[in-house]
Amino acid sequence: MTAPQVVLVGPMGVGKSTVGRLLAERLGSGYRDTDDDIVAAEGRTISEIFVDEGEESFRALEKAAVAAALAGHEGVLALGGGAILDPGTRALLAGHRVVYLSMGVEEAVRRTGLNVARPLLAVNPRKQWRELMEARRHLYEEVATAVVETDGRTPEEVAQAALDAL
Ligand code: S3P
């Protein structure tokens, strides 16, 4: 059975795709992102799926996408920021090398606060980020085999820290 060399988890905007691509380059492997898999399979954007069917349906699609990617990809795999909310998805990660890319609330607001394309942050980004981090931090920590802090670091530095943590 194939398995990813490393799975990246962490909040939206933390740099999972940028860091993931750098990591894949350094490991000489491929990069895959379950958000992209879902969009390709559904022929709709993530925002459209949220609006059409709600978060619960999206999480079910996401769990299936994570299961498929864990079983069929050997390189770097990045998960959507909320994938860890689903207990079944968290269970799928057992036995994998999972790096949690973390950032503080202020860094999150600075990086994504004005990006209204992110459906979860449309109003009052600072408050929503605080609540999001409080609700999710322990879940990221639960699935992670390593934690890499990203505040004040370039994507290259984060990728190197992630490599060092493997
Ligand atoms: C989400 C994060 C997004 C995407 C969806 C929901 C979340 O992924 O899956 O918008 O709940 O945090 P990214 O972390 O890749 O932006």
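What follows draws every value from the coordinates through simple rules; no lab data is involved. Treat the numbers as computed from the prediction; the structure is a model and nothing was measured. We place every Cβ from the backbone using ideal geometry, glycine too, and count neighbours over all the protein chains shown.
Numbers below:
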| read-out | value |
| --- | --- |
| Sorted peptide list for 64-73, 136-145, criterion being average Cβ within 10 angstrom, highest first | 64-73, 136-145 |
| Residue (of Ala144, Leu92, Ala65) at the positive-pole extreme of region 6-165, dipole from beta-carbon charges | Ala144 |
| Size descriptor, Kirkwood hydrodynamic radius, that averages inverse alpha-carbon separations across the chain, Å | 16.0 |
| Residues with amide H under 5 Å from that of Val147, placed H, sequence gap 5 or more | Tyr100 |
| Mean Cα-pair separation over length for the chain, i.e. relative contact order, pairs under 8 Å, 6 or more apart, % | 34 |
